[in-house]
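The values are calculated or read from the model by the stated rules, or taken from the named source; none is laboratory data. The model shown is predicted, which means the values in this text are computed figures rather than measured ones. Backbone-built Cβ (ideal geometry, glycine too); neighbour counts: all protein chains shown. The accessibility values were calculated without ligands, DNA or RNA, using every heavy atom of the protein model including side chains. Shrake-Rupley method; radii C 1.70, N 1.55, O 1.52, S 1.80 Å.
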Amino acid sequence: MTGNTARAAQGFLIFADAINRAGSTDADAVVKALEETDMNEEYLIVPWTGVTFDESHQNTQATGIITQIQNQAYVTVYPDSARSAESIIPVPSWSERN
């Protein structure tokens, strides 16, 4: 998965968890459950430290995921906890790539 698809999948799982905890699909109940979310990294598919939302509804524990294409495959280069390859800096020009 790239960072975008991993975050999208994680968002869906967080939303499903909130619906389960709300015990309803009532919008106010689901929003309340989302605001009370306190999930640690053990339950995540992304390399965040957890999920908690601030007053602007942003996850204060989320971090970016940076991938590069190396040898015609996506590899994670950041964060260090999820790194599958060292980043190549500077990125080679198109004519130098495999």
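Structure summary
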{"read-out": "Label-point gap, in nm, between Gln58 and Ala73 - each point 7 angstrom along Cα→Cβ", "value": "3.5 nm"}
{"read-out": "List Thr76, Thr63, Thr25, ordered by accessible area with a 1.4 Å probe, largest first", "value": "Thr25, Thr63, Thr76"}
{"read-out": "13 Å cut-off, amide nitrogen to a point 7 angstrom out along Leu13 Cα→Cβ, residues in the stretch 35-60", "value": "39-51"}
{"read-out": "Descending Cα extents along the principal axes, the chain, whole Å", "value": "55, 23, 19"}
{"read-out": "Heavy-atom accessible area order for Ile45, Ile14, Ile89, largest first, 1.4 Å probe", "value": "Ile89, Ile45, Ile14"}
{"read-out": "Principal-axis tilt of helix 3-22 within the chain, Cα atoms, nearest 10 degrees", "value": "10 degrees"}
{"read-out": "Mean Cα-pair separation over length for the stretch 13-88, i.e. relative contact order, pairs under 8 Å, 6 or more apart, %", "value": "16 percent"}
{"read-out": "Charge dipole (debye, nearest 20) of the stretch 16-98; +1 at Cβ of Lys and Arg, -1 at Cβ of Asp and Glu", "value": "460 debye"}
{"read-out": "Estimated FRET transfer efficiency (Asp28, Arg83; beta-carbon r; R0 35 Å; 0.05)", "value": "0.30"}
{"read-out": "Solvent exposure ordering (accessible area, 1.4 Å, most first) of Thr52, Thr5", "value": "Thr5, Thr52"}
{"read-out": "In the stretch 10-59, the GluC sites (Glu not before Pro) that fall in loop regions by DSSP, at most 15 other Cβ within 10 Å", "value": "Glu36, Glu55"}
{"read-out": "Helical mean residue ellipticity (222 nm; -39500 (n - 2.57) per DSSP H run of 4+; nearest 500) of the chain", "value": "-9500 deg cm²/dmol"}
{"read-out": "Accessible area in square angstrom per residue, the stretch 21-97, 1.4 angstrom probe", "value": "72 Å²"}
{"read-out": "From phi via Karplus (6.51, -1.76, 1.60), per-residue ³J(HN,Hα) for the stretch 70-81 in Hz, x at Gly/Pro", "value": "10, 6, 6, 9, 6, 10, 8, 10, 7, x, 4, 5"}
